[in-house]
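Starting off with a structure, shown below.
Every number here is computed from the coordinates shown, using simple stated rules; none is lab data. Because the structure is a prediction, the values reported are computed rather than measured. Cβ placement follows ideal geometry from the backbone for every residue including glycine, while neighbour counts extend to all protein chains displayed.
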Amino acid sequence: MSTLNVDKVDPSTGTALELGTSGDTITVPTGAGLTVVDEVKTNKISPATGAAFALGDSGDTFTVPSGATIVNSGTATGFGITQSSFVPTAAPLIINGDMTVAQRSTSESISGGGYHTMDRWQTNNYGSFNGVYTQSQAADAPSGFSKSMKMDCTTANASPSANSSVYIEQRIEAQDCQLLKCGNSDAEKMTVAFWVKATKTGTNIVYMQQEDVQRQCAQSYTVDSTDTWEFKVLNFPADTTGAGITSDAGIGMELWFFLSAGSDQTSGTLCTTWEAVSGNHANWAVGQVNHSDSTSNDFQITGIQFEVGEYTSSTIPPFRHESYGDNLQRCYRYFQAFHPRGSGKAFGTTVAYLQVPLLTTMRSTPSYTQNAVWRVTNNDTGEFTQSSAGGGFDQSDANSGRLSGTNFSSLTDAQTIFAAPNGNVAAYFSAEL
């Protein structure tokens, strides 16, 4: 066998070089390397042995030219896109799922429905409220979270009336629910995931309701170990038969987490597929344990996420942590709490009017309640504080309005005045669903 030693072989004409002829075998000796300095064109690359081959080495970069497409006809793995690294760019459907924003309060004793502590989370009941709880923003949370909602039963009721219940809920704005495609043949499946810790073990219920068309579906989960953080993933079927969710600023989907339910809501068959709400209240919370039956009971929850599609605990995308500022800004659409701001004029000696810009555009023209006295200054003769809370909010829209404060004294009629913060979070503006 002859040996030809060269550094480079070029075609004698044109730009193509043929190495051997049909039927020839080209051998690369052991220990030698074959380096391609331009390109290799082929229809298929198969491993020499086994069922896998390496494409390049660690640290190599592979470039897909503009206009080219990689088609996966089987299962592609190892491209660096994993459950833990995949983070969608869209904002999560659930707001404040990590329970970090609490504008109203961080702890309240509750015996009825309403928004009490953590933003966007309403405590509610169907019929009467079962028991009394202290609801608080707790620092106890699973790894990766800093806060949770804690429901500490302080007045127990082991025998709830038939129409009593307790649940926490978030109402999702209808125009944000359009990606669910409810009522269409291509409607999406849904997945709810969360971390829960409870003293009482057993079956619990998560319930969904489409407000516009009054359709419902529920799924159960089990608290397996007492006072232990557990991760739960629940799948909800697509609703292809309903009339769909109207795209507006009203309620689109309600998501409830039951803590207690009387027989009016537990005596039927759990509605694990979508059905009409009317006449089917007994299917809401079948099997629900009673967290209100002992003052030793605590129930905590955090890391709540609502995903489009069907996932398991190993495939669900990670919780999308927003910055505190971004989370707070989204909460501002529904509720704002601050000391009055802006400027205005005195009306007589006892009333102050301020033109107040809201912190961001709210979902609708907000309602106003006053939480404490507020203060104004005229930048001349001094500052003036209300003797007691009083006033209103009018000439308003979702961006601003006129705030009136009564119960002042010694103001100068028609004089320009300015809000003067005094440490109180005095003004509450609510556009909650």
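For Thr406 and Thr369, calculate 0.36 nm times their separation in residues minus their Cα-Cα distance, and state this gained length in nm to one decimal.
Once the chain is fully extended between Thr406 and Thr369, it gains 12.0 nm.
Beyond 21 Å, what share of the Cα-Cα pairs of the range 118-188 remains, rounded to the nearest whole percent?
Values: 1253 of 2485 pairs.
I get 50 percent for the Cα pairs in the range 118-188 exceeding 21 Å.
Over all distinct Cα pairs, what is the inverse of the mean 1/r for the range 235-316, reported as the Kirkwood hydrodynamic radius in Å?
It works out to 15.6 Å.
Over the range 111-256, consider all pairs of different Cα atoms and compute the Kirkwood hydrodynamic radius from their mean reciprocal separation; express it in Å, one decimal. Before the final figure, lay out the partial values.
Working: mean 1/r = 0.0594 Å⁻¹.
Result for the range 111-256, one decimal place: 16.8 Å.
I've got another one for you. Give me the one-decimal nm value for the distance between modelled label points at Leu359 and Val425, 7 Å along each residue's Cα-to-Cβ direction.
0.8 nm
Now a separate question. If a paramagnetic tag sat 7 Å from the Cα of Ser107 along the Cα-Cβ line, which residues of the range 278-306 would have the backbone N under 18 Å from that point?
Those under the cut-off are 295-301.
Where the centroid of each part is defined by its Cα atoms, how far is the range 355-398 from the range 287-340 in Å?
30 Å
Then there is this: Taking the Cα centre of the range 145-288 as the origin, how large is its charge dipole in debye, to the nearest 20, when only Lys and Arg (+1) and Asp and Glu (-1) carry charge on their Cβ atoms?
Result for the range 145-288 is approximately 400 debye, rounded to the nearest 20.
Let me ask something else about it. In nm, to one decimal, how far is the modelled label at Ser128 from the one at Asp397, with both set 7 Å along Cα→Cβ?
4.7 nm
A further question follows. Could you calculate the contour length gain from Glu310 to Gln214, that is, 0.36 nm times the residue separation minus the distance between their Cα atoms, to one decimal place in nm?
Extra length from Glu310 to Gln214 when fully extended: 32.3 nm.
Please give the FRET efficiency for Ala414 paired with Thr155, using the beta carbon to beta carbon distance and R0 = 60 Å, rounded to the nearest 0.05.
0.70
Starting from 0.36 nm per residue, how many nanometres of slack lie between Thr295 and Gln329 once their C-alpha separation is accounted for?
8.6 nm
Per residue and in Å³, how big is the convex hull formed by the alpha-carbon atoms of the range 300-406?
Once divided by residue count, the hull of the range 300-406 is 146 Å³.
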